[in-house]
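**Student:** Have a look at this one.
The values are calculated or read from the model by the stated rules, or taken from the named source; none is laboratory data. Keep in mind that this is a model prediction, so the values were computed, not measured. All Cβ positions, glycine included, derive from the backbone under ideal geometry; neighbour counts span all protein chains shown.
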Amino acid sequence: MTIRMTRRQALGTLAGAGLALGAAPRLLGAEAAATAAPQAPFALPPLPYPADALEPHLDAETMRLHHGKHHAGYVAKLNDAVARAPELAGRSVERLLADLDALPEGVRAAVRDQGGGHANHSLLWASLSPRGGGEPAGELGGALRGAFGSFGAFTEAFRAAAAGVFGSGWGWLALDRRRGLVIESTPNQGSPISAGQVPLLGVDVWEHAYYLKYQNRRAEYLEAFLRVVDWRAVEERFRRARA
Ligand SMILES: [Fe+2]
């Protein structure tokens, strides 16, 4: 199910994907989409660029399917899940993911999987740009060098974490509870938010993210992914989370 949003709502949702957890509840979630579809609190954010904009690194057909089918599917199933628990009405997806144990048992797994899928992919689209790649400047560049030694050492560790995911999952750059930079991985649609972290950049290593173009060559896909990372967006996310 695809839900259209107004331009203002879409911009709000995309901006929300870049914000720290504490600032996120009004974004991505119920409040942002309520006027678009009151009966369906969560909505698919539009891609912030054409589907072919990240060619040749990420191909258009994969982008269309990934966004229009896979991400849309997570949104639809998340809406189905929260419809079974009216007491969750009005909560953002980040708030739901931040305390899975507090959720009714009947919807907990669906929120983890479908809500995680919605949050993870919303962050993903907002982390890429046809003008991406290179290295981050400013505070994030310095923090990455401080944490990992060099930008090259960071990318090596980031790619290794993502390459090492067994089966489906994500590789992450995140801020931990003490707001230090960490590299993590999660299985399936697990979100760093559920571990008290703030995700800054996630790379999707489900086969649906790369198989059409790269088949089993996940390492090649990871190289291509880094060529379209919008470091300005990641930097902005980093600064807001640490503010
Ligand atoms: Fe995906």
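**Student:** Any idea how many residues of segment 98-120 are crowded, with 20+ Cβ neighbours inside 10 Å and either within 16 Å of the ligand (Cβ to nearest atom) or β-branched (Val, Ile, Thr) (or both)?
**Tutor:** Of the residues in segment 98-120, 10 are crowded, with 20+ Cβ neighbours inside 10 Å and either within 16 Å of the ligand (Cβ to nearest atom) or β-branched (Val, Ile, Thr) (or both).
**Student:** Can you say whether ARG91 is away from the ligand (no atom under 16 Å from the Cβ) and of a type in the set (D, E, K, R), as far as the supplied structure shows?
**Tutor:** Working: away from the ligand (no atom under 16 Å from the Cβ): yes; of a type in the set (D, E, K, R): yes.
The answer is yes for ARG91.
**Student:** Just a yes or no: is a residue in segment 121-133 more than 16 Å from the ligand (Cβ to nearest atom), on the phi > 0 side of the Ramachandran plot, in contact with a helix residue (DSSP H, G or I) (Cβ under 6 Å, 6 or more places away or on another chain) and in contact (Cβ under 8 Å) with a residue 60 or more places away in the chain? Give the derivation first.
**Tutor:** Going through segment 121-133, the residues more than 16 Å from the ligand (Cβ to nearest atom) turn out to be 129-133.
Retained after the next criterion (residues that are on the phi > 0 side of the Ramachandran plot): 133.
From what's left, in contact with a helix residue (DSSP H, G or I) (Cβ under 6 Å, 6 or more places away or on another chain): none.
Within segment 121-133, none of the residues are more than 16 Å from the ligand (Cβ to nearest atom), on the phi > 0 side of the Ramachandran plot, in contact with a helix residue (DSSP H, G or I) (Cβ under 6 Å, 6 or more places away or on another chain) and in contact (Cβ under 8 Å) with a residue 60 or more places away in the chain.
**Student:** Under 6 Å between Cβ atoms, which residue pairs at least 6 apart in sequence (or on different chains) link something in segment 188-210 that is within 26 Å of ARG64 (Cα to Cα) and near the ligand (Cβ under 10 Å from one of its atoms) with a partner that is part of a helix (DSSP H, G or I) and of a type in the set (D, E, K, R)?
**Tutor:** Cβ pairs passing all conditions: GLN189/ASP113.
**Student:** Hand me the list of helices (runs of 4 or more DSSP H) wholly inside segment 168-243 holding 3 or more residues that are crowded, with 19+ Cβ neighbours inside 10 Å.
**Tutor:** 218-226, 231-242
**Student:** Right, TYR74: modelled with pLDDT of 65 or more, within 22 Å of VAL205 (Cβ to Cβ) and away from the ligand (no atom under 16 Å from the Cβ) or not?
**Tutor:** The answer is no for TYR74.
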